[in-house]
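Asks: Just passing along the structure, written as structure tokens.
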Amino acid sequence: MVKVLILDHSKSVRNILRERLEYEGYSAEAVDDEAGASRLCERIPFDVILSDTGCRVPDAGIPFIALSGDASIDSAVKAVRSGARDFVTKPIDMNRLLESIRRTVAEPDAAGGAPATESPAAAPARTAARARRAQTAQPEIIGQSSQIRRVRELIEKVAPCEARVLVTGENGTGKELVARWLHARSRRAAAPFVEVNCAAIPSELIESELFGHERGAFTSAVKQRKGKFELANGGTLFMDEIGDMSLAAQAKVLRALQENKICRIGGDKDVAVDVRVIAATNKDLREEIRKGNFREDLYHRIGVIVIRVPPLREHPEDIPALVDHFIHTVCAEDGTAPKEVTPEAMQLLQEMPWTGNIRELRNVVERLLILSGDRITPADVHLYC
């Protein structure tokens, strides 16, 4: 079970977030100051911290999401530069926050290790949290429908080559999983797999995030920093939600793909990079091109091979296998015994629309395991779904 620490001076915010997160199947703790947060981090291996920008996040090496009542660009830039993985404004859109938590927990550290400033007391908690993430870093692609078999077949054909791949599909369908399988079955499998979420990074920071910067390039650039392209050198760069990238950033990415070189912000030398790019989007990029929101030349660069991941409603016959997989995964994480799902309850699950796709299904399964009795019945599905 994912463990979340809420750090906020407001009691009402803490209570609301804790109640909603626990309803969604997360384990949540809440405190109002850094001292309390530090004590909890020493004994609980949190996966993510939700912190108000007015609070100081404990130096425990745990990724955090900044929460702020100030929706200005300056606040977002300051939060991200201070180390926040994402920035969510108040009043909080819970769907947006839940998506941010899922993305943050799923994303490994770019460098693959603990921060240099991590305290010895925090190391065991961080190690345990990283171990849990590693256990689920490469889950299976579940399903025997014709659509899912087709996706697996494409992965096997495309993975060994160096062609760039564009993975399309709705949110929650498993685009990142497809990207990770492509990397794992490629000749670059022993090299880094680096992810960047283009929708989560403010446009003012995307260039620094992708290409890095030199010391003194801007006010807060106190040391040289490598970007995602350099960190992925020799391996795979997964550019998630590339359809949300600004046109200015698209132009710079196009140049990097054409020349296999990047230039850090504030630098005067090109750096050669050997990176296989896999991009993903939930948007229709051809429609975005017609609207003037996406460069056609970049589309042709990243879309040598296009893999469409189908929404769950198009292959409901895979839901029983997915439910069984999630039941055993969640119960193994929590150390509890798996529960039976009655045939009638399974039929109801197969008939649901699943607008959130496989991600939503997993959350529902975890919720049913927590809130149901000895087995999951139609009454439970009606009550908790």
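The values are calculated or read from the model by the stated rules, or taken from the named source; none is laboratory data. Everything numeric in this text was worked out from a predicted model, so none of it was measured. All Cβ positions, even for glycine, are placed from backbone atoms using ideal geometry, and neighbour counts span all protein chains on display.
Asks: Where residues in region 334-369 are surrounded by fewer than 21 Cβ atoms within 10 Å (Cβ to Cβ) and among the acidic types (Asp, Glu), which of them is nearest to Glu99 (Cα to Cα)?
Replies: Glu360
Asks: Same structure, new question: Report yes if Pro378 is over 19 Å from Arg102 (Cβ atoms) and either free of Cβ contacts under 8 Å to residues at least 12 places away in the same chain or touching an Asp or Glu at 6+ places or on another chain (Cβ under 7 Å) (or both), otherwise no. Talk me through it step by step, then tell me what you get.
Replies: Working: over 19 Å from Arg102 (Cβ atoms): yes; either free of Cβ contacts under 8 Å to residues at least 12 places away in the same chain or touching an Asp or Glu at 6+ places or on another chain (Cβ under 7 Å) (or both): yes.
Here the answer is yes, as Pro378 does meet what is asked.
Asks: Determine which member of the set Leu40, Leu5, Leu21 is at pLDDT 90 or above and either aliphatic (A, V, I, L, M) or in a helix (DSSP H, G or I) (or both). Walk me through how you get there before you give the answer.
Replies: Working: Leu40 fails: at pLDDT 90 or above; Leu21 fails: at pLDDT 90 or above.
Among Leu40, Leu5, Leu21, only Leu5 is at pLDDT 90 or above and either aliphatic (A, V, I, L, M) or in a helix (DSSP H, G or I) (or both).
Asks: With the condition being not assigned by TED's automatic domain parsing to the domain that holds Gly169, I'd like the helices (runs of 4 or more DSSP H) fully within region 289-385 carrying at least 1 qualifying residues.
Replies: Numbers: elements: 296-302, 319-334, 343-351, 357-371, 378-384.
Fully inside region 289-385 and qualifying: 319-334, 343-351, 357-371, 378-384.
Asks: Out of curiosity, is Leu50 more than 17 Å from the chain's Cα centre (by Cα) and buried (at least 20 other Cβ atoms within 10 Å of the Cβ)? Walk me through it before giving the result.
Replies: Values: more than 17 Å from the chain's Cα centre (by Cα): no; buried (at least 20 other Cβ atoms within 10 Å of the Cβ): yes.
No: the conditions fail for Leu50.
Asks: Determine the pairs where a residue that is in the same structural domain as Arg96 (by TED's automatic domain parsing), located within region 11-22, has a partner that is among the β-branched types (Val, Ile, Thr) with Cβ atoms under 7 Å apart, the partner being 6 or more residues away or on another chain.
Replies: Arg14/Ile6; Leu17/Ile6; Arg18/Ile6; Leu21/Val4
Asks: Would you tally the residues in region 149-202 being in a strand (DSSP E or B) and not acidic (Asp, Glu)? Break it down stepwise before answering.
Replies: Step one: list which residues in region 149-202 are in a strand (DSSP E or B), which gives 165-168, 193-197.
Then keep just the ones that are not acidic (Asp, Glu); that gives 165-168, 193-194, 196-197.
Total satisfying the criteria: 8.
Asks: Would you mind finding the one in Arg56, Arg96 that is within 24 Å of Asn171 (Cβ to Cβ) and without any contact (Cβ under 8 Å) to a residue 60 or more places away in the chain?
Replies: Working: Arg56 fails: within 24 Å of Asn171 (Cβ to Cβ).
Answer to the check: Arg96.
Asks: For residues that are farther than 20 Å from Phe211 by Cα and of a type in the set (Gly, Ala, Ser), tally how many sit in region 244-301.
Replies: Summing the residues that are farther than 20 Å from Phe211 by Cα and of a type in the set (Gly, Ala, Ser) in region 244-301 gives 1.
Asks: When you look at Ser82, is it surrounded by fewer than 22 Cβ atoms within 10 Å (Cβ to Cβ), under 30 Å from Phe238 (Cβ atoms) and touching a Lys or Arg at 6+ places or on another chain (Cβ under 6 Å), yes or no? Give the derivation first.
Replies: Working: surrounded by fewer than 22 Cβ atoms within 10 Å (Cβ to Cβ): yes; under 30 Å from Phe238 (Cβ atoms): yes; touching a Lys or Arg at 6+ places or on another chain (Cβ under 6 Å): no.
So Ser82 does not fit the description; no.
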